[in-house]
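Bear in mind these aren't lab numbers, they're just calculated from the coordinates by the rules spelled out. These numbers come from a predicted model, not from an experiment. FYI the Cβ positions are ideal-geometry reconstructions off the backbone, even for glycines, and counts take in every protein chain you see.
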Amino acid sequence: MEANGLAVELAGIWKRFPGVIANAGANLKVRPGTVHALLGENGAGKTTLMNVLAGVYLPDEGTVSLDGVEQHFAKPADAIAAGVGMVHQEFRLIPTFTVSENVVLGSGPPIIAKSTIEDQVAELASRFGLATEPGREVWQLSMGERQRVEILKALWRDARVLILDEPTAVLTPGEAEELGRITAAMAADGRSLIFISHKLDEVTAFCDEATVLRGGKTVAESLPVSELDATRLAELMVGETAEVSQRRTRETDVGSPVLAVEHVVVRDIHDRAIVDDVSLTVASGEIVGIAGVAGNGQRPLADAIAGLIPTESGSVMISGTDVSGTSPRARNMAGLSYVPEDRLGVGLAPRMDVVENSIMRAYRALSKGLLIDRTGASVYGDKLVEDYDVKVGKMEAPVAGLSGGNLQRLLVGRELEVNPAVLVAAQPTRGLDVKGVAAIQQILVRQAAEGVGILLISEDLEELFALSDRLLVMHEGEVVGEFDPDVATRQEVGAAMAGAHKVEET
Amino acid sequence: MNEQTIIGLLVSVIEFGTLLYLAALGEMIAEKSGVLNLGVEGMMAMGGVSAFWVGVETGNPWLALVFAAVVVAIFASIHGVVSVAIGADQVVSGLALTILGLGLAAFLGEDLVFEAPRAAFANFELGPLADIPWLGETIFSMTLVSWLALALGGATWFVLNRTRAGLSLRAVGESAATADAAGTPVVRIRLIAVAIGGALAGMAGAYLTLKLAPGWSELSTAGRGWIAVALVIFGAWRPGRVLVGSVLFGGLLALEPRLQTFRCQPGQEGLCLGFEIDPIIVSMLPYILTIVVLILISIRARHRPSVAPAAIGQVYRREER
């Protein structure tokens, strides 16, 4: 069976998506009974590679082997049957089902006696030291408890290989420690774990070996974690010869503040402060960057500034007007434009056409009484498409058919064409190809030069270093550091993103 | 108060309750799997006409019941295929099923309209229990179809809550993508649920034309299929509560034709409440109550997940990349 003694071997995996190469010959070798860290920056291809192992994607080239036997997974169910379990970043649980119902779904006995199932799930949980209440409904559970349900689902199906995709991103520090104990118990049981992470402290604490991906390729294979330190890891992840984008040179002086956020708190349904007492200002002509690992409060902060979600306390001022508690439109009128992270869900209406999407901010000026001036609207749309270089087929076609780069240029253009005082841009270049990224960055720089204050939320450190005048770091809902991109190093910022301040404070 | 009048009313409550419970139970099963089927009215008409025809031809009501169940299960599968397998809008497809069912039943039953019923479900007197005052002449003399409806209600609860198949069906109705990832055949389960829902609506139709209002006319269903749809919401998608709702709404349907007698007139026997209620108000009540329940459900859903199946009305296509 174990011809080469490896629980998992991924060899020469290529996976291309339209416009993006996610994996370019990636390798991974995991020994049985170990916790293996898979490291890399955002966009390095970690999640894609794991989706190949979990049967979600079919690789274009390369082989997947388990215990030395080559596998061909056509669908996730094949991988599950072969003993691969994956805990996705977004949990796949049914909120109205109990813990045990979620665990046994699809693979329980024909007749389910509630108490029996709950006993069995409780027994399985205790075997691996997972604290859980099998009879509770999942919607009542914390994120950490939900994650344990996902792990239980995999164990119930007797997964020999368990993939955890950035498992600590949603956990409190205490929960993360507990996860470390659970993974250790599973490894001691002879199972293999693949632990996707950005955070060095977790990797050294929980993992045995580490593989590093960069640009879809494996740049370091199965290093013992004892050989890793922050500098070495940052070098591997970022690359020693990483091309540094041209640092923006300021042409105008920073003006007066156009956005002032003071002590803003946002809570989720579990009453957790997902934005925790955040204060910041953006001045006219300034680009303020916000760095942070995904899920540390950046998105709710942006939504709260835009008025899409309610704040518990704190205030938001736009160009000197207090807009706290007002509607999104009142904020737009005060001079705010917003490029949301979810372009097609929140930013644009996918089934409406290019002209209709273009005028969504300016339609009032283009109306005569109750009616929209169709000619004026289409002139406006044509100009927008021209000015922002949006490649469209027909103006009357739904925007859902446009490529990512064109969608984003249309959205950014629409938001800037109304001459805002402030632009909040959330992940504006994520998922775009090199040309698309450059186009959006140029637009942002040009607008800042014309006096727009820009709050740029990004997970791409290169971008933040290249564009920002000041760089703030968010971690667990708080702003934990402010850096001057001209003097700060990526390691310093990276350490703050990973929550290093916590260690220093104590 | 006249005892016979009250017993007559109670018997009528049981009859309307049985009709509504069968249809609503079927609709609930389909909705639990995530498929809204607004075709109940049409399905009930199809069941009514098929059962009545078999009744006239054979004189056997049970054969008629089974036939109606099979015919309507197949008929309901039109909605299943169109909305689940092909992925058309469930509301549009369900409404089409109602319009098609009413029209088709009227067409097929043209020659049956003046036909005298030759089969009917007999009252079933449950031994000595039938001698108990009040209960004996009502519950313990009701037809076996009513007992069957109760049994099906219990079976539905058991399957939904205590079996792997039921867990899968509910999972499909809550989140098709999650169920699919767990290896549950989403499309197959939804098709089966819609067909079972149709079979129950067909049985309701059979009960209508072979017991509740013997005979066939294209007006037989009289909007009761819609009450069954509302009942599912009223009963919060739970077999027990839907039963309570069926009795309540059945009561309203039973009251409606008797209301004229409510006003106290000199020398009148029977129920006398001393005031007048317009029957039209009573016929609106099921829908008003349903709206009230909908509001309550929505208020409750602010603090916890809604009791409605989360994936209801949603077309599921596995994401291909």
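Figures for the structure shown
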quantity	calculated
In nm, spacing of pseudo-spin labels at residue A:396 and residue B:7 (7 Å Cα→C-beta vector)	7.3 nm
Segment residue A:327-residue A:70, length gained on full extension (0.36 nm per residue, minus Cα span)	86.9 nm
Within-11-Å neighbourhood charge of residue A:204 [Cβ basis; K, R +1; D, E -1]	-4
Size of the protein assembly as shown as Cα extents on the principal axes (Å, biggest first)	101, 76, 50
At 1.002 mPa s and 20 °C, Stokes D of chain B from Kirkwood alpha-carbon radius, µm² per second	105 µm²/s
Spin-label model distance (nm) - residue B:163 vs residue A:346, 7 Å beyond Cα toward Cβ	4.4 nm
Mean-position separation - Cα centroids, segment A:419-468 and segment B:27-100, in angstrom	57 Å
Taking A:72, A:475 and counting other C-beta atoms within 10 Å, the order from fewest to most	A:72, A:475
Packing-based exposure ordering (other Cβ within 10 Å, fewest first) of A:388, B:316, A:338, B:287	B:287, B:316, A:388, A:338
Dipole magnitude of chain B, debye to nearest 20 (Cβ charges: Lys/Arg +1, Asp/Glu -1, about Cα centre)	1440 debye
Where the Cα pairs of segment A:8-238 fall when distances are cut into 10 Å bins, in %	8, 33, 36, 19, 4, 0
Under-5 Å amide H pairs with residue A:214, H placed in peptide plane, nonlocal only	A:219
Shielding of B:175-185 by partner chains, average beta-carbon count, 10 Å	6
Residue-wise HN-Hα coupling along segment A:128-140, computed from phi with Karplus coefficients 6.51, -1.76, 1.60 (Hz; x: Gly, Pro)	10, x, 8, 7, 7, 10, x, x, 8, 7, 4, 4, 7
Counting DSSP beta bridges with both ends in chain A, the antiparallel % (nearest 5)	55 percent
Chain A - percent relative contact order, Cα under 8 Å, separation 6 or more	15 percent
Residue order, fewest to most beta carbons within 10 Å, for A:103, A:69	A:69, A:103
For residue A:38, distant residues with modelled amide H under 5 Å away	A:195, A:196, A:197, A:211
J(HN,Hα) series, segment A:335-345, from Karplus relation 6.51 cos²θ - 1.76 cosθ + 1.60, nearest Hz, glycine and proline x	x, 9, 10, 9, 10, x, 4, 8, 4, 7, x
Sequence-separation-based contact order of segment A:8-238, relative, with Cα cut under 8 Å and 6+ spacing, percent	31 percent
Selected from A:113, A:182, A:372, residue furthest toward positive end of dipole (chain A; charges at beta carbon)	A:372
Where N is the number of residues in segment A:1-118, Cα Rg divided by 2.2 N^0.38 Å	1.25
Positive minus negative residues near residue A:227 (Lys, Arg vs Asp, Glu; Cβ under 15 Å)	-4
Amide H contacts of residue A:61 (H built 1.01 Å from N, under 5 Å, at least 5 apart or other chain)	A:14
Model label zone, residue A:111; criterion: amide N under 18 Å from point 7 Å along Cα-to-beta-carbon; scope segment B:224-242	none
In segment A:79-128, GluC sites (Glu not before Pro) in a DSSP loop with at most 10 other beta-carbon atoms within 10 Å	A:90
Förster radius 35 Å - calculated FRET efficiency between residue B:292 and residue A:139 (Cβ-Cβ, nearest 0.05)	0.90
Residue-by-residue Karplus 3J(HN,Hα) for segment A:83-93, coefficients 6.51, -1.76, 1.60, Hz, glycine and proline x	x, 9, x, 9, 9, 6, 4, 9, 5, 10, 10
Label-point separation, residue A:368 to residue B:126 (7 Å along Cα→Cβ), nm	7.5 nm
Contact order relative to length of chain B, as percent, for alpha carbon pairs under 8 angstrom and 6 or more apart	34 percent
Value of [θ]222 nm, deg cm²/dmol, for the protein assembly as shown, DSSP H segments ≥ 4, -39500 (n - 2.57) each, nearest 500	-14000 deg cm²/dmol
When each of A:75/B:32; A:46/A:153; A:383/A:435; A:46/A:383; A:75/A:391; A:15/A:391 is checked by Cα-Cα distance, pairs over 29 Å	A:46/A:383; A:75/A:391
Estimated FRET transfer efficiency (residue A:172, residue B:95; beta-carbon r; R0 30 Å; 0.05)	0.05
Dimensionless Rg/Rh of segment A:273-366 - Kirkwood Rh, Rg from C-alpha atoms	0.98
